[in-house]
Amino acid sequence: MEHRYLGTVDSPRRGMVNEPLGAVTVTLERFDANGTALDVEEVHTVGLVVNVGLTLEDGTTDVEHLEGETTVSPTVVDNKMVATFGRLRVQQAGTYQFHVRVFNLYESVSQFSGLGPARIPSNSIFNGTSETLVIGNHIH
């Protein structure tokens with residue numbers, strides 16, 4: 001049965017350089033091909049990983065200025081998959097968005113490597129961005 005995921009990204013809108021931010025929370029719901037909501041159980045989270053990164057105003061990815069745990073596994077809360085990133089820090093002042101991708105690590109692609117099929121990350125099952133995040137400098 002084919003299904004799809006719809007989600008939201010809730011995050012802080014302001015912060016200071018190198019100060020811990022409030023939580024970034026990703027919430028996913030499962031739907032069938034007709035748009036009917038499906039039940040979510042812990043088994044549905046097996047193999048899923050949620051990754052968060054920063055995107056600059058011009059849409060390019062910033063791989064240098066985000067510090068903290070940037071990949072987590074979701075849990076089930078109120079029939080939804082939820083992943084929370086806490087204590088992230090941005091190391092440079094600027095205007096950003098959080099970019100979130102969810103991958104299913106167990107969707108495999110067979111490769112003939114002599115060792116059998118290799119497990120590689122599939123295309124993401126969800127991509128989302130947060131509201132704008134403005135990081136300011138400390139005033140001394």
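A single entry from 85, 31 fulfils the requirement of being surrounded by 13 or more Cβ atoms within 10 Å (Cβ to Cβ), farther than 14 Å from residue 6 by Cα and of a type in the set (A, V, I, L, M, F, W, C): 85.
Against the numbered list (1) free of Cβ contacts under 8 Å to residues at least 24 places away in the same chain; (2) under 17 Å from residue 11 (Cα atoms), residue 50 comes up short only at (1). When only residues in segment 34-46 that are part of a helix (DSSP H, G or I) and β-branched (Val, Ile, Thr) count, which is surrounded by the fewest Cβ atoms within 10 Å (Cβ to Cβ)? By that ranking, first place goes to 43. Of note, residue 22 satisfies the criterion of being more than 15 Å from the chain's Cα centre (by Cα), surrounded by fewer than 17 Cβ atoms within 10 Å (Cβ to Cβ) and closer than 15 Å to residue 130 by Cβ. What about residue 90, is it hydrophobic (A, V, I, L, M, F, W, C), within 23 Å of residue 132 (Cα to Cα) and in contact with a His (Cβ under 7 Å, 6 or more places away or on another chain)? Taking the combined requirement at face value, the residue satisfies it.
Among the residues here, residue 95 does not qualify as modelled with pLDDT of 95 or more, out of contact with any Pro (no Cβ under 9 Å at 6 or more places or on another chain), surrounded by fewer than 16 Cβ atoms within 10 Å (Cβ to Cβ) and closer than 15 Å to residue 28 by Cβ.
Only one entry in 61, 71 is open to solvent by 70 Å² or more (accessible area, probe 1.4 Å) and among the hydroxyl-bearing types (Ser, Thr, Tyr), namely 61.
The values are calculated or read from the model by the stated rules, or taken from the named source; none is laboratory data. Remember, predicted model here, so these are calculated numbers, not experimental data. In this analysis, Cβ positions are derived from the backbone assuming ideal geometry, glycine residues included, and neighbour counts consider all displayed protein chains. The area values use the complete protein model at the heavy-atom level, side chains included, leaving out ligands, DNA and RNA. Shrake-Rupley method; radii C 1.70, N 1.55, O 1.52, S 1.80 Å.
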